[in-house]
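Everything on this sheet refers to the single structure shown next.
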Amino acid sequence: MTTITLYGHPDSGHACKVALALALAGIAHETVFVDIWAAPETRPAAFLAASPLAQVPALVIDGAAMTQSGAILLEIARRWQVLGGASPAGTRRGAELLMWEANRIGMCLPQLVEARRPHGDSFPGGTVEWLTGRYETDRANFDRLLGEGRFFHGDAPGIGDCAIWGYVQWLDKAGVAPSEAMAGWIGRMRALPQMRPRGDSWFPA
């Protein structure tokens, strides 16, 4: 029997991506919460052994550890043939979306969230305006990538949707607004039966 452990925290959009993918795919696993606000050296020893950078998420499958949310999402899709991973075209679409998210909308949104977090990191003057401008470009490209589909993978969500959800779930915390298409997608994602809210984040209860 395969044993799977996810190390994560509800304040980590990257961990939320993986938790959502596991839920949508119906993959049984244990979730271990890691306090990302505590000093890295105080985090659980098993987690530190799995994650050399002491960052969440970390996913351990039968003793083999993986880190980096994008790599984990691709592994889930390919190994279990789910969330777009059942076909070469679906896997390719997922990989393209993961790369876009990591380099674009998934870069600016967490920084905007951090800039507005009480006692969060301070940024040089003009940084928030620059990040907001990047987001506005990314929001327009979000609409182009989504097109007329209900989800980024078509009629059902895939790993691309999980990746993009990670930080788009926190637009209010980032101080930015969605496009009409983005708002519709957010509504459809929130309506998925596997969604379980935990405070203002999405992470398993």
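Treating r as the C-beta distance of Ala39 and Arg150 and R0 as 35 Å, the FRET efficiency rounds to 0.25. Ranking Trp37, His9, Ala23 by Cα position along the charge dipole of the chain, where only Lys, Arg, Asp and Glu carry charges on their C-beta atoms, puts Ala23 farthest toward the positive end. Out of Thr127, Cys162, Leu97, whose Cα points farthest toward the positive end of the dipole of segment 88-193 (charges: +1 Lys, Arg; -1 Asp, Glu; placed on Cβ)? Projecting each Cα onto the dipole axis, the largest value belongs to Cys162.
Each other residue within a Cβ distance under 13 Å of Val60 adds +1 if Lys or Arg and -1 if Asp or Glu, for a net charge of -3. Overall, the anisotropy analysis places segment 88-193 in the prolate class: the square-rooted eigenvalues a ≥ b ≥ c of its C-alpha gyration tensor yield a/c not less than 1.5, with a/b exceeding b/c. Annotation: the antiparallel percentage among DSSP beta bridges lying fully within the chain is about 75.
Stretching the chain fully between Ile4 and Glu30 yields a gain of 8.7 nm (0.36 nm per residue, less the alpha carbon separation).
Backbone amide hydrogens, once placed in the peptide plane, bring Ala58 within less than 5 Å of Tyr7, excluding anything fewer than 5 places away on its chain.
Spacing of the modelled spin labels on Asp143 and Arg190, each 7 Å from Cα toward Cβ, amounts to 2.0 nm.
About its Cα centre, the dipole of the chain is roughly 300 debye, where the only charges are +1 on Lys and Arg Cβ and -1 on Asp and Glu Cβ.
Laboratory data are not the source of any read-out in this text; all were calculated from the coordinates shown. Given the structure is predicted, the values throughout are model-derived calculations rather than measurements. When we count neighbours, we look across all protein chains shown, and the Cβ atoms used for this are built from the backbone with ideal geometry, even at glycine.
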